[in-house]
Amino acid sequence: MYQQTSKIAYDSVKDKVTKTQNTIYMALRRIGPANNRMLAEATNLPINCVTPRVHELRGKRLVVQTETKIDIVTKRPTIFWDIARND
């Protein structure tokens, strides 16, 4: 679940977040832990656009890896991301 500390962290860098990064961040905030494929579906962006933006959001410490598990569609191990808890 999205926390107040996550909002504070986001607000501190929101002027440095691109439109596409914001789209992905807000989708993750809305749907909770998700992998890149799920974020691509939620945002209607191609996965080759989502993957580097997630990496950039990680660099800004807005997104963190939560777990690796099997994707129900691809049947392959995949990383799940979530909003960083900046307590």
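The values are calculated or read from the model by the stated rules, or taken from the named source; none is laboratory data. Computed from a predicted structure; not experimentally measured. All Cβ positions, glycine included, derive from the backbone under ideal geometry; neighbour counts span all protein chains shown. Please note that ligands, DNA and RNA were not included when accessible areas were found on the heavy atoms of the full protein model with its side chains. Shrake-Rupley method; radii C 1.70, N 1.55, O 1.52, S 1.80 Å.
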Suppose the filter is open to solvent by less than 80 Å² (accessible area, probe 1.4 Å), over 15 Å from GLN21 (Cα atoms), of a type in the set (A, V, I, L, M, F, W, C) and more than 9 Å from the chain's Cα centre (by Cα); does ILE79 pass it?
yes
Single residue of the stretch 40-70 satisfying the filter (without any contact (Cβ under 8 Å) to a residue 12 or more places away in the chain and hydrophobic (A, V, I, L, M, F, W, C)) that is surrounded by the fewest Cβ atoms within 10 Å (Cβ to Cβ):
ILE70
If you take the residues of the stretch 54-75 that are outside any strand (DSSP E or B) and of a type in the set (A, V, I, L, M, F, W, C), which of them is nearest to GLU41 (Cα to Cα)?
VAL73
Checking ILE24 against (1) open to solvent by 30 Å² or more (accessible area, probe 1.4 Å); (2) out of contact with any strand residue (DSSP E or B) (no Cβ under 7 Å at 6 or more places or on another chain), only one condition comes out false. Which one?
(1)
Need the failing condition index for VAL17 against (1) surrounded by 16 or more Cβ atoms within 10 Å (Cβ to Cβ); (2) modelled with pLDDT of 95 or more, just the number.
(2)
Residues in the stretch 29-39: is at least one surrounded by 13 or more Cβ atoms within 10 Å (Cβ to Cβ), at negative phi and modelled with pLDDT under 90?
no
